[in-house]
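Data block below; observations after.
The numbers here are math on the coordinates, done by the rules we state, and not lab data. Everything numeric in this text was worked out from a predicted model, so none of it was measured. Cβ placement follows ideal geometry from the backbone for every residue including glycine, while neighbour counts extend to all protein chains displayed.
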Amino acid sequence: MTSWSERELDSVGAAEELQISSRRRDGTLRPYVTIWVVRVADDLYVRSAYGASNPWFVRASASGTGRIRAGGVERDVEFADAADDTHSAIDAAYHAKYDRYGARIVNTVVGPNAVDTTIRLVPQD
């Protein structure tokens with residue numbers, strides 16, 4: 001199983017935004033969408049700010065794979081579920097990184113409603 005290098009974790013985790021693209025059935029990439037990303041331990045996570053019906057999230061969930069780019073890193077990834085015991089740490093990471101944008105915005109990606117839209121980014125070869 002492939003894992004993130006420390007440099008990749010540092011670079012992507014520190015990036016203000018991440019671009020994410022899911023794969024179509026024919027293997028081609030869809031257009032990139034810009035979203036927030038957080039690092040928790042040795043994992044990277046994204047959440048849909050506008051719920052499970054957000055088009056990029058629907059496509060990513062259906063596809064299961066795609067590509068990300070942020071902080072000078074570009075990698076193919078699998079879109080995986082987050083472990084149940086990580087959500088409070090993910091919330092804390094979003095608050096620490098993005099609270100300066102205000103509660104109205106940050107509250108779209110934290111709390112119980114955000115759990116179902118959490119994606120763990122798993123690097124692929």
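Structure summary
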read-out: Net charge of Cβ neighbours under 13 Å - reference Tyr101; Lys, Arg +1; Asp, Glu -1; value: 0
read-out: Fluctuation leader among Arg30, Arg100, Arg47 - the chain, Gaussian network, Cα springs under 10 angstrom; value: Arg100
read-out: Exposure proxy order (Cβ contacts within 10 Å, fewest to most) of Thr28, Thr34; value: Thr28, Thr34
read-out: Selected from Trp36, Ser21, Ser53, residue furthest toward positive end of dipole (segment 1-78; charges at beta carbon); value: Ser53
read-out: Rounded to whole Hz, the Karplus (6.51, -1.76, 1.60) HN-Hα couplings of segment 72-82, x for glycine and proline; value: x, 9, 9, 9, 6, 9, 9, 9, 10, 6, 8
read-out: Sorted by Cβ density within 10 Å, fewest first, the residues His87, His95; value: His95, His87
read-out: Over the chain: helical MRE at 222 nm, DSSP H runs n ≥ 4 each giving -39500 (n - 2.57), nearest 500; value: -7500 deg cm²/dmol
read-out: Under Karplus coefficients 6.51, -1.76 and 1.60, residue-wise ³J(HN,Hα) of segment 92-108 in Hz, glycine/proline x; value: 4, 5, 4, 4, 4, 8, 10, 4, 4, 7, x, 4, 4, 7, 5, 5, 6
read-out: Separation of the His95 and Asp10 label points, Cα + 7 Å toward Cβ, nm; value: 2.8
read-out: Placed amide H near Ala82: partners under 5 Å, 5+ positions off or other chain; value: Arg120
read-out: Size of charge dipole - the chain - debye, nearest 20, with Cβ of Lys, Arg +1 and Asp, Glu -1, no other charges; value: 580
read-out: Within a Gaussian network of the chain (alpha carbon springs, distance under 10 Å), most fluctuating of Ser48, Ser63, Ser21; value: Ser63
read-out: Relative packing of peptides 6-14, 66-74 - highest average C-beta neighbours within 10 Å first; value: 66-74, 6-14
